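**Student:** I'd like to ask you about the structure that follows.
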Amino acid sequence: MNGRPTPEQIEIIGRHVKGCEVTDLGAGDLTLSRLCVRLGAKSVIAIDKEVLWNDPNSVFVAACTPEIKVYRCNFTEYRAEMDVALLVWPINHDCGLDQLVDRADVVIYLGKCTDGTMCGTPRLWYNLSCREVLDHKPDRSNTLIVYGPKRDDTRLPLLEERAGINSDRLYTYAGDKHV
């Protein structure tokens, strides 16, 4: 299922969110925001342009904890710095997401650009491919990549990054290895 991390991926995410302020970019139904709180995040800022939380009786509002603050806005309107940015199946059209993640110390990506699926824009992927890779755990449903700071030198892009930058070619997944 899209956006549902494996137990191994959850363990990795937990290492990077514990004690941090997480900004969930495109928070949707807050599932991953709540997961970050359970994994020890100090707080979560959940950003989404949709109106999921307008009704005070909404199950989404009821599911919020004091650690989760919800902001209804576009990515271009959000100006704060971020400890950890969470990108789960990011949208694949230009919305300012590539510039927004520049303000994050750590970026956690969960999604899939291989097997004919597309998450994010080529510009977002180029931006991410210039960062240090802290953790990488591919899976048939989702690939998890945790990015650290920008690098001064270049590195070979991961398959997920190559697929995101160059969507003209089909990149496939075989077992535990990308081919």
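**Student:** Show the residue pairs meeting these rules: Cβ distance below 6 Å; 6+ apart or different chains; first residue within region 31-45 and touching a residue at least 24 places away in the same chain (Cβ under 8 Å); second residue crowded, with 21+ Cβ neighbours inside 10 Å and of a type in the set (S, T, N, Q).
**Tutor:** These pairs meet every condition: Val44/Ser33; Ile45/Thr23.
**Student:** Quick one: what pairs do we get from region 3-25, first residue touching a residue at least 12 places away in the same chain (Cβ under 8 Å), second among the small types (Gly, Ala, Ser) and assigned to a helix (DSSP H, G or I), C-beta under 7 Å, 6+ apart or different chains?
**Tutor:** As it stands, the answer is Asp24/Ser33, since those pairs meet every condition given.
**Student:** Okay, next question. Against the definition (surrounded by fewer than 20 Cβ atoms within 10 Å (Cβ to Cβ) and modelled with pLDDT of 90 or more), how does His93 come out, yes or no?
**Tutor:** Taking the combined requirement at face value, the residue does not satisfy it.
**Student:** Which of the residues that make up region 123-138 are surrounded by fewer than 16 Cβ atoms within 10 Å (Cβ to Cβ) and at pLDDT below 95?
**Tutor:** Correct list: Arg123, Tyr126.
**Student:** Which of the strands (runs of 3 or more DSSP E) found entirely inside region 87-179 contain at least 1 residues meeting this: basic (Lys, Arg)?
**Tutor:** Per the criteria, 131-137, 143-150.
The values are calculated or read from the model by the stated rules, or taken from the named source; none is laboratory data. The model shown is predicted, which means the values in this text are computed figures rather than measured ones. For neighbour counting, all protein chains shown are included, and Cβ atoms are generated from backbone atoms with ideal geometry for every residue, glycine included.
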